[in-house]
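The structure appears below as structure tokens.
Quick note: the coordinates plus some simple rules give every number you see, no bench work behind them. All figures in this text were calculated on a predicted structure; none of them were measured in a lab. Here the Cβ positions follow ideal geometry from the backbone for every residue, glycine too, while neighbour counts run over all protein chains shown.
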């Protein structure tokens, strides 16, 4: 039977994770605008608060006070539901992310993860596949041809790269011999899997870049073709939820990269939690760098690359990893 202290600890962890995630998402937007400003020889936001640090708060107030309209021919309930699905699925994935080794407080061992599932990899893959519905429903329910085309593109893109992302994690599970994210981190104590299996790491990085729907993979929202893609008809805070969901997705994908390939909380000198966040922020910077550097791919190039190159390569890597592990067993 679960005692009261255990319930309180779980609730505190949930509240802390939710607060940290939303704050990180807001300031990741701010960091991206400042970094892209530096890359493009301009200032970026620097007026609201010292060094512009209150800009995320100003953006939230602006979105909350903007008019929120509903297209007359839209499917009302699906139109209202879609933005929430885009962000909630990403937030739920944090339930299985181990941030550091267990802490010893109140005379007990407190895991630094909300729920250490023994099928954590499958839980993450299941939730990442559910994120497709936010894009698809937002595009279809708007009753706009531009939104519908963006939703269809997003659906095809996410399904395609979901396959290669899942296949890139098979070697990780084989090397760690566990589906638990904590066991996967512990299995990287000698060397991170990014070094032991660089092909799987490269495939995973490309796949999550496509999963995040950001440049150079922002085909579902290509503004020169689709106005704004699947969220063209959204305004106010409903558009903001799509926007927040995108950055929460970047944070969860960066966290999963840290767990699967960069050794999680492992590192010298600094506390484990600090190491985890430093690695996560480094991967998030990689997403920002790509947005400011690379051009958008053509839609047919994107799909051909996923189906004709990335998926066959990931299958070959699974076979090669299994053969090597059998040989050295």
Query - Linear extension gain, residue 110 paired with residue 325, 0.36 nm per residue minus alpha-carbon span - result: 74.0 nm
Query raised in the report: Dividing the alpha-carbon Rg of region 1-78 by 2.2 N^0.38 Å yields what?
Result: 1.67
**Report entry** region 1-144: relative contact order as a whole-number percent, Cα under 8 Å and 6+ apart
**Finding:** 24
**Report entry** Relative contact order (%) - region 69-328, alpha-carbon pairs under 8 angstrom, separation at least six
**Finding:** 26
Report summary line: Sorted on mean Cβ neighbours within 10 Å (highest first), peptides 77-86, 254-263 come out as 254-263, 77-86
Requested in this report: May I ask for the distance between the Cα centers of region 293-319 and region 1-79, given as a whole number of Å?
Outcome: 32
Report summary line: Of the convex hull drawn through the C-alpha atoms of the chain, the volume per residue in Å³ is 164
Query - region 145-248 - percent relative contact order, Cα under 8 Å, separation 6 or more - result: 42
Query raised in the report: With the Cα gyration tensor of region 172-326 giving a ≥ b ≥ c as the square roots of its eigenvalues, does the rule (a/c under 1.5 for rounded; else a/b larger than b/c for prolate; else oblate) give rounded, prolate or oblate?
Result: oblate
Query - Estimated FRET transfer efficiency when R0 is 35 angstrom, pair residue 174-residue 15 (beta carbons, to 0.05) - result: 0.45
Query - Residue-averaged 222 nm ellipticity for the chain, from DSSP H runs of 4+ at -39500 (n - 2.57), nearest 500 - result: -22000 deg cm²/dmol
